[in-house]
Structures are given as C-alpha cells and as structure tokens.
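Structure first, then comments.
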Amino acid sequence: MSIATRTGDDGTTGLLYGQRVPKDHPQIEAVGAFDELNVALGATRPLLTEESSRALIHAVQKNLIALMGEVACAESDLPRYAGSKFSRLTSDDVQHLDAAVAALEGRGLKFDGWATPGANPLSAAFDNARVVARRAERRLCALPAHGRSVRTELRQFTNRLADLLWLLARAAEQ
C-alpha cells in the first residue's frame, strides 16, 4: 500500500471518516496549522536538557494529535468520534498546562513588554512554536463561523499552550 493514493489529485482531501472536502477547507486549514505546531514543538525537544521539559513537550504533542483528530472530523460525525477509541482532550489536559504555566511563573521570570525573539536557539524555537500556536488558535476559533462546533477544552488548551510557549521562550532566554 502506497502513501500516494492519488485521491487528492482533484484538490480534495478526506476528513477523518471519509467525507471529501477541498484542501483549503477551514477544517483542513486548522488541522494543518496544528500539524505545523506539532512539528515546531518537535524542533524544541532536541534542544532541551531537562528530561521533565522533554516529557512536557512530548505530552503536549500527543495532545495535539488528539486535537487534530477531533478537528479533522465532520460535524455530523462528532458523535461517532466521541464514542471511538480515539483520544480526546479533557479539562485535565488544560489543567496540566495551567500547572506548567504556574510553575514557570513561580520561578520569577523577568520580562518587560514585547519580547525580541532570537536570544538563543531554544528561545527562538519556542517563540516560533508560539506564533504557530496562535495561528492554529485563530484557525480553530474560525471554525464555528463555518458550521463546525469546537469544544471549549480545545480552545482553552490552545490558548494556554501559546501562553506556556511564551513563558518557555522567556525562560530559555534567562
């Protein structure tokens, strides 16, 4: 079986349960932005020296895969997705990010106003991931205007993740 199915040659792609949509469909744009975010986070992991930080980023990447699965599902297939074996983001996942944000803020990081990215490779990688997270957040928040509901936990997770990435970039600078 080849990765090249050729079914997308007509400019369409499949949602999770097979519904075909244009490749520039808002859900595909959102999934693509989260996929870019996952890659950007993966680029931070080799730069991390603490195992706890690598574990945090890896856990977030797994959460993003769950988020992408849900976003890649047509509105009409959401009940099917909810009953499936696929992972879903929960309020516990949001709380995990809240705890990570609180831990970083508790370290007394110094920052004032806008950041100027690029102090070192790790801070630049986190800032890159942060801006990709904000783009993914915008794509996610645009979906209801196109008839696709978005659970609160998905919006909260994405918003908290961007905040966490900003703090991680500042921590890497210091």
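Taken together, the values in this text are just the output of simple stated rules run on the coordinates, not laboratory data. Keep in mind that what you see is a predicted model, and the values were worked out from it rather than measured. No Cβ is skipped: glycine too gets one built from the backbone with ideal geometry, and neighbour counts run over all protein chains shown.
In the range 100-174, how does Rg compare with the Kirkwood Rh, expressed as the Rg/Rh ratio over alpha carbon atoms? Before the final figure, lay out each step's value.
Details: Rg = 14.1 Å, Rh = 13.3 Å.
With Rh from the inverse mean 1/r over Cα pairs, Rg/Rh is 1.06.
Quick one: length gained pulling Arg151 to Lys23 fully straight, 0.36 nm per residue minus the C-alpha distance?
Numbers: separation 128, 0.36 × 128 = 46.08 nm, distance 2.31 nm.
My answer for the length gained is 43.8 nm.
Once the convex hull of the alpha carbons of the range 10-107 is built, what does its volume come to per residue, in cubic angstrom? Write down the numbers at each step before the final one.
Working: hull volume 11.8 nm³, N = 98.
For the range 10-107, the hull spanned by Cα atoms encloses 120 Å³ per residue.
Tell me the relative contact order for the range 39-174 as a rounded percent, counting alpha carbon contacts under 8 Å between residues six or more apart.
After rounding, I find 32 percent.
What list of ³J(HN,Hα) values in whole Hz, one per residue of the range 77-92 in order, does the Karplus curve 6.51 cos²θ - 1.76 cosθ + 1.60 (θ = phi - 60°) give from phi, with Gly and Pro shown as x?
9, 4, x, 5, 5, 4, x, 8, 7, 5, 5, 10, 5, 10, 5, 5
Quick one: which residues, 5 or more positions from Arg151 or on another chain, have an amide H under 5 Å from its amide H? H modelled 1.01 Å from N in the peptide plane, none for Pro or chain starts.
Amide H neighbours of Arg151, under 5 Å, 5+ apart: none.
Which number comes out as Rg/Rh for the chain once both Rg and the Kirkwood Rh are worked out on C-alpha atoms? Can you show the working numbers first?
On the way: Rg = 17.3 Å, Rh = 17.2 Å.
My calculation of the ratio gives 1.01.
How large is ³J(HN,Hα), in whole Hz, for each residue of the range 131-142 in order, when computed from phi with the Karplus curve 6.51 cos²θ - 1.76 cosθ + 1.60 and θ = phi - 60°, using x for Gly and Pro?
Residue by residue, the range 131-142 yields 5, 5, 4, 5, 5, 4, 4, 4, 5, 5, 5, 7 Hz.
Can you check what the net charge comes to around Thr44, using other residues whose Cβ is under 13 Å from the Cβ of Thr44 (Lys, Arg +1; Asp, Glu -1)?
Net charge around Thr44: +1.
Which residue fluctuates the most in the chain, going by a Gaussian network model with Cα springs under 10 Å, if the choices are Thr90, Thr152, Thr13?
Thr152
Considering amide H positions built from the backbone, and no H for Pro or chain starts, which residues 5 or more places from Thr13, or on another chain, come under 5 Å of its amide H?
When sequence neighbours closer than 5 places are left aside, the close amide H contacts are Val21, Lys23.
Using the alpha-carbon centroid of each, what span in Å lies between the range 22-69 and the range 132-166?
When both Cα centres are located, 13 Å separates them.
Which number comes out as Rg/Rh for the range 79-128 once both Rg and the Kirkwood Rh are worked out on C-alpha atoms?
Values: Rg = 17.0 Å, Rh = 14.2 Å.
Rg divided by Rh gives 1.19.
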